[in-house]
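The values are calculated or read from the model by the stated rules, or taken from the named source; none is laboratory data. All figures in this text were calculated on a predicted structure; none of them were measured in a lab. Glycine gets a Cβ as well: all are built from the backbone with ideal geometry, and neighbour counts include every protein chain shown.
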Amino acid sequence: MPATLEIVCTDDDCTLDMFELHYTYDMPEETTVADFTCPYCGGADCLEPVEL
């Protein structure tokens with residue numbers, strides 16, 4: 001099953017709480033949160049993976 005990554009936006013001005021990325025099998029293994037931006041505010045430095 002492809003990987004799933006849950007991400008939270010920590011920007012105080014952003015109202016997006018959390019979102020989930022569903023990868024395909026073609027996603028490189030070295031892909032991290034740093035490769036994405038928030039789909040709401042556009043920030044990149046404010047994204048953190050959700051640790052369960």
Would you please name the residue that is surrounded by the fewest Cβ atoms within 10 Å (Cβ to Cβ), looking only at residues in region 6-24 that are hydrophobic (A, V, I, L, M, F, W, C) and either touching a His at 6+ places or on another chain (Cβ under 8 Å) or not in a loop (DSSP other than H, G, I, E, B) (or both)? M18
Please name all residue pairs, on different chains or six or more residues apart, with Cβ atoms under 6 Å, provided the first residue is in region 25-45 and is assigned to a loop (DSSP other than H, G, I, E, B) and the second residue is modelled with pLDDT under 90. Y25/P2; T37/A44
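Looking at region 35-52 only, could you name the residues that are within 8 Å of the chain's Cα centre (by Cα) and farther than 12 Å from C14 by Cα?
At the first step, the residues of region 35-52 found to be within 8 Å of the chain's Cα centre (by Cα) are 36-38, 47-49.
Across region 35-52, the qualifying residues are F36, T37, E48, P49.
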